[in-house]
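The structure appears below as structure tokens.
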Amino acid sequence: MSANRPASADIRASVLDPLQMTSEQDRQLHGKTCARCPRQDDLRPGGMAYVRSGQDGTGRLGYPVNVCPDHADTGGAW
Ligand SMILES: [Zn+2]
């Protein structure tokens, strides 16, 4: 898998491709880690992340994600 992706990538910043998601993104998407970093403790609701869906890729599935205290004020106006 690619190691080029910056660790600080915010999964809320773009619509994820389910066929190209990393295991890290999968954990973020399911709220097991912060939406922006690998932190797993002291998480709180952090808005929604979106994944492409449907045969033509134009559908969107939304997932409620969590953020850590360091990133609780990022991600736009949720
Ligand atoms: Zn974080």
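All of the numbers you see were taken from the coordinates with simple rules; none came from a lab. Computed from a prediction, not measured in an experiment: that's the story for all the values here. As a convention, Cβ positions derive from the backbone with ideal geometry for all residues, glycine included, and neighbour counts pool all protein chains shown.
Descending by average beta-carbon neighbour count within 10 Å, the peptides 53-64, 36-47, 12-23 line up as 36-47, 12-23, 53-64, the highest first. Only Lys, Arg, Asp and Glu carry charge here, each on its Cβ (+1 for the first two, -1 for the last two); on that basis region 23-71 has a dipole of about 80 debye about its Cα centre.
log10 I(q)/I(0), Debye, Cα-only region 23-71, no solvent, q = 0.26, 0.30 Å⁻¹? With one equal scatterer per Cα and no solvent, log10 I(q)/I(0) is -0.85, -1.03.
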